[in-house]
1. Mind checking which residues of segment 102-143 are β-branched (Val, Ile, Thr), at pLDDT below 90 and either under 16 Å from residue 66 (Cα atoms) or in contact with a Phe, Trp or Tyr (Cβ under 7 Å, 6 or more places away or on another chain) (or both)?
2. For segment 1-19, name all the residues that are outside any loop (DSSP other than H, G, I, E, B) and either in contact (Cβ under 8 Å) with a residue 60 or more places away in the chain or of a type outside the set (A, V, I, L, M, F, W, C) (or both).
3. For residue 59, are the conditions met, namely being among the aliphatic types (A, V, I, L, M) and under 20 Å from residue 92 (Cα atoms)?
4. Residue 66 versus (1) farther than 29 Å from residue 4 by Cβ; (2) touching a residue at least 12 places away in the same chain (Cβ under 8 Å); (3) of a type in the set (A, V, I, L, M, F, W, C): which is the lone unmet condition?
5. Within segment 25-60, can you find the residues that are surrounded by fewer than 21 Cβ atoms within 10 Å (Cβ to Cβ), in a helix (DSSP H, G or I), at pLDDT 90 or above and not charged (D, E, K, R)?
Amino acid sequence: MEWISSSTAPEAIFAGSMQLMAGVKACTSRPISNHPHFEDKNLRQKTERIYKIYGKYSISNVHKMACSESINYLILEDSICFAPKKDGCSTNEIIDNSQFFQSTTKNNNNIISPTKDRFCQAVKVQQINEKIVKKFKLVFENQTFKIYRVFC
């Protein structure tokens, strides 16, 4: 939270898990894209789009989503990204099941094909790839979180 307060613009918009966004908002007063204490249909849909960061979506797909939501920073949590399976109840499994449903249904005449790797894993290992860094650049990390700057 200290890094966010000292190293980002006050108007920078953050996205991540709902529980983490509560802390970001409370501790830094930065705008957040998905608010954990407000509930409506549009916010549920937005959160589902943002949670692509933990699904088997391509870097291009997540980049398009982040730019369309005006997100400046994505915060990824290793505890979610690398979570073990929990009888279909982990965040990753829920996203995977949702993605499977979407991939078997036509969406604007396009079929969404899952990638082999989760976005949160792929973006981490591909930081040596210049094309990736032009979209998502790792700007902060500790043992728990990785923060990526989104370039639109």
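1. If the condition is that a residue be β-branched (Val, Ile, Thr), at pLDDT below 90 and either under 16 Å from residue 66 (Cα atoms) or in contact with a Phe, Trp or Tyr (Cβ under 7 Å, 6 or more places away or on another chain) (or both), then 115, 132, 133 are the ones that fit.
2. Step one: filter segment 1-19 for residues outside any loop (DSSP other than H, G, I, E, B), giving 2-7, 14-15, 18-19.
Once the filter is applied, which keeps residues that are outside any loop (DSSP other than H, G, I, E, B) and either in contact (Cβ under 8 Å) with a residue 60 or more places away in the chain or of a type outside the set (A, V, I, L, M, F, W, C) (or both), segment 1-19 yields 2, 3, 4, 5, 6, 7, 14, 15, 19.
3. Details: among the aliphatic types (A, V, I, L, M): yes; under 20 Å from residue 92 (Cα atoms): yes.
It is true that residue 59 is among the aliphatic types (A, V, I, L, M) and under 20 Å from residue 92 (Cα atoms).
4. Status for residue 66: all satisfied but (1).
5. 26, 27, 28, 59, 60, listed by residue number.
The values are calculated or read from the model by the stated rules, or taken from the named source; none is laboratory data. The shown structure was predicted, so the numbers you read here are calculated from the model rather than taken from an experiment. With ideal geometry, Cβ positions are generated from the backbone for all residues, glycine too; neighbour counts draw on all protein chains shown.
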